[in-house]
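Visitor: Structure in structure tokens, see below.
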Amino acid sequence: LAAEHLLELFHSLLPARQSGHPRGLLSMLSQEARHIGYEDTNVIIANGIGFLSQAYEATAGLIGNTLLALSAHRISRQQVLANFDLLPHIIQEVLRFDPAIQNTRRFVAQSGMVAGHHMHEGETILVVLAAANRDAVANPDPDRFEIHRANRRIFTFGAGDHNCPGKMLAATIARAGIEQLLTSGLDPESLNVPVLYRPSVNTRIPIWGAGERSA
Ligand code: HEM
């Protein structure tokens, strides 16, 4: 039901935006899509909804996990509170160490060998990006949280043609949100309490309020 309402809402927004506000994000998306040959309104709308949900869900998780890191790591917290210019550094380490999106998928286009396994056309590969971030070959001493980590490698936003187009935007939104919370008087140490995570197969979004901390 919710999905149907969302589709109806976007269908009703698209013509309005095209006539009334030609520079709106949705109409720009539609214009660009048509420009490169995508005429199907349903596809354009599905991508618009994708922008909306990723910007909301994944970025909420990034903000939440950064607050959690600030609450848990005393030295990083002291450094960041003394100098907000370090916020982008802690956000990057959180993206590596405790990513809000844990995995992505690939679908086999043609039968063949993938990483030593025979796979058939149409099969799914679950790519656990969060595990790749903790590969010691990519990031030495990977289980150490280090905001000044040299040559950090982050796989959180995927790779190749479908890698996340929102990675810089997400880090910017997270920085602005966290800075606003800190300047409004939020004490991150007060968040060092057990949290729950929203039930999900690929996101890691903390919820403060009740219960034991789940994995
Ligand atoms: C403003 C915020 C964001 C926007 C607008 C956004 C948008 C998108 C879009 C449209 C895609 C699909 C790309 C495609 O299939 O071609 C995507 C993919 C993805 N995004 Fe984001 N995203 C945002 C934030 C985030 C954050 C915070 C994370 C992780 C913490 C994230 C992780 C991913 C991953 C893992 C993929 C799949 C990459 C792959 O399969 O290679 N995104 N994003």
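Visitor: Treating only the Cα positions of the range 118-189 as identical point scatterers, give the base-10 log of I(q)/I(0) from the Debye formula at each q in 0.19 Å⁻¹.
Guide: Debye intensities relative to I(0), on a log10 scale: -1.02.
Visitor: Then there's this: Quick check on the chain: helices-only [θ] at 222 nm, where DSSP H runs of length 4 and up contribute -39,500 (n - 2.57) each and the sum goes over total residues. Nearest 500, please. Spell out each step's value before the answer.
Guide: On the way: 8 runs with 99 residues, N = 215.
So the helix-based figure for the chain works out to -14500 deg cm²/dmol.
Visitor: What is the percent of Cα-Cα separations in the range 106-158 that go past 14 Å? List each step's numbers first, then the result.
Guide: Working: 845 of 1378 pairs.
For the range 106-158, the share of Cα pairs beyond 14 Å comes to 61 percent.
Visitor: Residues with beta-carbon under 14 Å from that of Arg96, excluding Arg96: net charge, scoring Lys, Arg +1 and Asp, Glu -1? Spell out each step's value before the answer.
Guide: Working: positive: Arg134, Arg144, Arg149, Arg152, Arg153, Lys167, Arg204; negative: Glu93, Asp98, Asp135, Asp141, Asp143, Glu146.
In short, +1.
Visitor: In square nanometres, what is the average projected area of the Cα convex hull of the chain? Before the final figure, lay out the partial values.
Guide: Working: hull surface 63.1 nm².
About 15.8 nm², averaged over all directions.
Visitor: Once you keep just the Cα pairs under 8 angstrom separated by 6 or more residues, what percentage relative contact order results for the range 69-215? Don't jump to the answer; show the numbers that get you there.
Guide: Numbers: 181 pairs, mean separation 36.2, N = 147.
Result for the range 69-215 is 25 percent.
Visitor: Now, a different point. May I ask for the percentage of alpha-carbon pairs in the range 56-122 that lie more than 16 Å from each other?
Guide: Working: 1278 of 2211 pairs.
When all Cα pairs of the range 56-122 are counted, 58 percent exceed 16 Å.
Visitor: Have a look at Leu87, Leu52, Ala170 and report the one farthest towards the positive end of the charge dipole of the chain, computed about the Cα centre with Cβ charges (Lys/Arg +1, Asp/Glu -1).
Guide: Leu87
Visitor: Here's a follow-up. Report, in order of residue number, the helices in the chain meeting two criteria: a C-alpha extent of 27 Å or more along the helix axis, and a mean Kyte-Doolittle hydropathy of at least 1.0; treat each whole DSSP H run as one helix. List each step's numbers first, then the result.
Guide: Values: long enough: none.
In the chain, no H run is both long and hydrophobic enough.
Read the figures in this text as sums done on the coordinates, not as results from a lab. Computed from a prediction, not measured in an experiment: that's the story for all the values here. Reconstructed Cβ throughout: ideal geometry from the backbone, glycine too, with neighbour counts over all protein chains shown.
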